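Please read the structure below before turning to the comments.
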Amino acid sequence: MRDHELRKLAVGEMHLRRWPQLDVPCVIVQWVLIVDDDERADELAAIEVKALPQDVLGNPSYRAGRLGEDVRFVWERHSEGTSLTLFAVGAAADAFLDPDSHAELQAALDWATALPGRIVRSTRIWVAQSDREIEAILPQVGFIPAETVSCHFGGPLRMWSDFRLKDDGYGRLLVAANGADPAEITRQVQRLQELGNYRNRALLGLPVARECWPKLDEAEARLRDLAARIGNRDETDDQLMDTLSELSLELAAIETSISFRMDATKAYAQLVNDRLAQVDPRPIAGFASLTDFTQRRFFPAMNTCEATTARVRQLALRAVQLSSLLRARIETRIENQNAQLLHSMERSTRMQVRLQQLVEGFSVVALSYYLIGLIGYLLAGLPLKDYGLDKTYVIAALVIPVVLVIWIGMRVLKRRLFPDGGKPG
């Protein structure tokens, strides 16, 4: 027996996406990045320098390490981009409000922000012991009161956030442990972060969808115009086919350009639903709940993306239907032209048959005339008077028999040469 070449990768995949156990209090800083293909090697090289000398079952998609005595990091590569998370163990509220007050955390931030990639989401999180500690620093965090989301999740845990970017480019999230088990704290805070991360990744499709709508409006107007033109007999088929082919190619290009983003958005939206169910948020009076926030803002955006995908496919289908109608119109016109051509050929054939019959009649007369002439020459050399006969009367008497003989002979010859009677097949 021998290992399958993908066995270690498959097993390693089941152990990814895990955080180290959180010790309360702590500060967490996380980035979700889109890294270009030409930057991936540089990013991995920079991570390898700080990573611990270990490998996760040979899987290159996960690295963990330390950036100081109290700061750890976890790096993970996803199918689209990467995520980097810093954990400052024992960091108090001061480190959360001002990272400069925590030397190791600030040094880690300086190292992390120098890595390649474009930020999709960046969040600073403080996990405190209790609600009281959170409420003590809430005025300094700068949440917008009317937009602050707060709810219980994962048992006694409670979160606060307004999900807005602050001046430093980070969002803020506060979590009160309220005596929850450390393993449960880690699991639920990670799920809460993944909910936000997948939400932002899914929302990348919304600008793409909005950008498509003017193009789709134009394509729909052109399809309506084409449908009207196809019903107009004065329009030439070549022009209609060229216009329809051009429009079909444009719709295919639009569908190709957005298909990856829309498919990714759909997949991320499903993950958002899954994480929302796992987090199981429970509302708190006086605050917007996480479920309400997601349903009010996220799901309408996803509906827009789904509607865009459906509209592109519907317009492409309408273009195919118009193409079928145009081909039917062309085929009908060709069939009509063929019918007219066959009718013309039939008339021509009938005329040829009549001319042939007329020529045959003239041929019988001509051959009879020449044959009677030859007979006249023959009779001129015979002594008809000795028998009391006159040449003129003899020739006159032979005209009808000669014509009949020649006509019968030509009929017999025609039947032998043309068994079908000489009619065109």
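What is the helix-to-structure angle for 299-380, meaning the angle in degrees between its Cα long axis and the longest Cα principal axis of the chain, kept from 0 to 90 and rounded to the nearest 10?
10
Could you list which residues have their amide H under 5 Å from that of N178, counting only those 5 or more apart in sequence or on another chain, with H placed in the peptide plane?
Long-range HN contacts for N178: S130, D131.
Return the long-range amide H neighbours of K166 (sequence gap of 5 or more, or a different chain), with a cut-off of under 5 Å between placed amide H atoms.
When sequence neighbours closer than 5 places are left aside, the close amide H contacts are G171.
Please check the chain for the longest run free of GluC sites (Glu not before Pro) that are loop-located per DSSP (anything but H, G, I, E, B) and have at most 11 other Cβ atoms within 10 Å.
After excluding every exposed loop site, the longest remaining stretch is 70-425.
Enter the angle in degrees (range 0 to 90, nearest 10) between the Cα long axis of helix 131-141 and the first principal axis of the Cα atoms of the chain, meaning the one along which they spread out most.
It is inclined by approximately 70 degrees.
So which of K166/K266; K8/K50; K391/K414 end up more than 30 Å apart, counting from Cα to Cα?
Result: K391/K414 exceed 30 Å.
Could you pull the Cα extents of the chain along its three principal axes, largest to smallest, in whole Å?
160, 58, 35
Could you give the dipole magnitude of the chain about its Cα centre, charging the beta-carbon of Lys and Arg +1 and that of Asp and Glu -1, in debye to the nearest 20?
I would put it at about 2880 debye.
What percent does the relative contact order of the chain come to when contacts are Cα pairs within less than 8 Å and at least six residues apart?
Once normalised by length, the contact order is 13 percent.
Per q in 0.23 Å⁻¹, report the Debye log10 I(q)/I(0) for the stretch 338-385, using one uniform scatterer on each alpha carbon and no solvent.
Log10 I(q)/I(0), no solvent term: -0.80.
Most fluctuating residue of S61, S150, S363 in a GNM of the chain with Cα springs under 10 Å: which is it?
S363
What list of ³J(HN,Hα) couplings, whole Hz, do you get for the stretch 221-238 from phi and the Karplus terms 6.51, -1.76, 1.60, once you set θ to phi - 60° and write x for glycine and proline?
Each residue's phi maps through the Karplus curve to give 5, 5, 5, 4, 4, 5, 4, 5, 5, 5, x, 8, 5, 6, 6, 7, 5, 4 Hz.
Taking the chain as a Gaussian network, where each spring joins two C-alpha atoms under 10 Å apart, which residue of I47, I400, I230 fluctuates the most?
Maximum fluctuation in the GNM of the chain, among the listed residues, is at I400.
Helix 391-417 against the longest principal axis of the chain: what's the angle in degrees, Cα atoms only, rounded to the nearest 10?
Approximately 20 degrees, to the nearest 10.
Work from the charge dipole of the chain (Cβ charges, +1 for Lys and Arg, -1 for Asp and Glu, about the Cα centre) and give the residue of L157, M1, S323 farthest towards its positive end.
Sorting the options by dipole projection puts first S323.
Let me know the charge dipole size of the stretch 223-273 about its Cα centre in debye, to the nearest 20, where only the beta-carbon of Lys, Arg (+1) and Asp, Glu (-1) is charged.
With Lys and Arg at +1 and Asp and Glu at -1, about 440 debye.
Using each residue's phi in the stretch 248-260, evaluate 6.51 cos²θ - 1.76 cosθ + 1.60 at θ = phi - 60° and report the 3J(HN,Hα) Karplus result to the nearest Hz, with x for Gly and Pro.
4, 5, 5, 5, 5, 5, 4, 4, 5, 6, 9, 4, 5
Quick one: dipole size for the stretch 7-194, taken about the Cα centre, charges +1 on Lys/Arg Cβ and -1 on Asp/Glu Cβ, in debye to the nearest 20.
620
By the gyration tensor of its Cα atoms, with a ≥ b ≥ c the square roots of the eigenvalues, what is the shape of the stretch 7-194: rounded for a/c under 1.5, prolate for a/b over b/c, or oblate?
prolate
Starting at the first residue of the stretch 206-215, write each ³J(HN,Hα) from the Karplus equation 6.51 cos²θ - 1.76 cosθ + 1.60 with θ = phi - 60°, in whole Hz, x for Gly and Pro.
So the Karplus estimates, Gly and Pro as x, are 5, x, 5, 5, 5, 5, 6, 4, x, 5 Hz.
From the gyration tensor of the Cα coordinates in the stretch 345-417, what semi-axes in whole Å does the equivalent ellipsoid have, largest first, with each one equal to sqrt(5λ)?
So the equivalent ellipsoid measures 36, 11, 9 Å along its semi-axes.
Can you tell me the Rg and Dmax of the stretch 205-339, counting just the alpha carbons, in angstroms?
22.0, 81
Given the C-alpha atoms of the stretch 118-247, compute the convex hull and give its volume per residue in Å³.
Normalising the Cα hull of the stretch 118-247 by residue number yields 174 Å³.
Under a GNM of the chain (C-alpha, springs under 10 Å), which listed residue has the highest mean-square fluctuation: L322, L398, L240?
Highest fluctuation among the options: L398.
Around F287, which amide H atoms from residues at least 5 apart in sequence, or from another chain, sit under 5 Å from its own amide H, with H modelled in the peptide plane?
none
All of the numbers you see were taken from the coordinates with simple rules; none came from a lab. It should be emphasised that the depicted structure is a prediction, and the values quoted were computed from it without experimental measurement. Ideal geometry is used to build each Cβ from the backbone, glycine not excepted, and the neighbour counts take in all protein chains shown.
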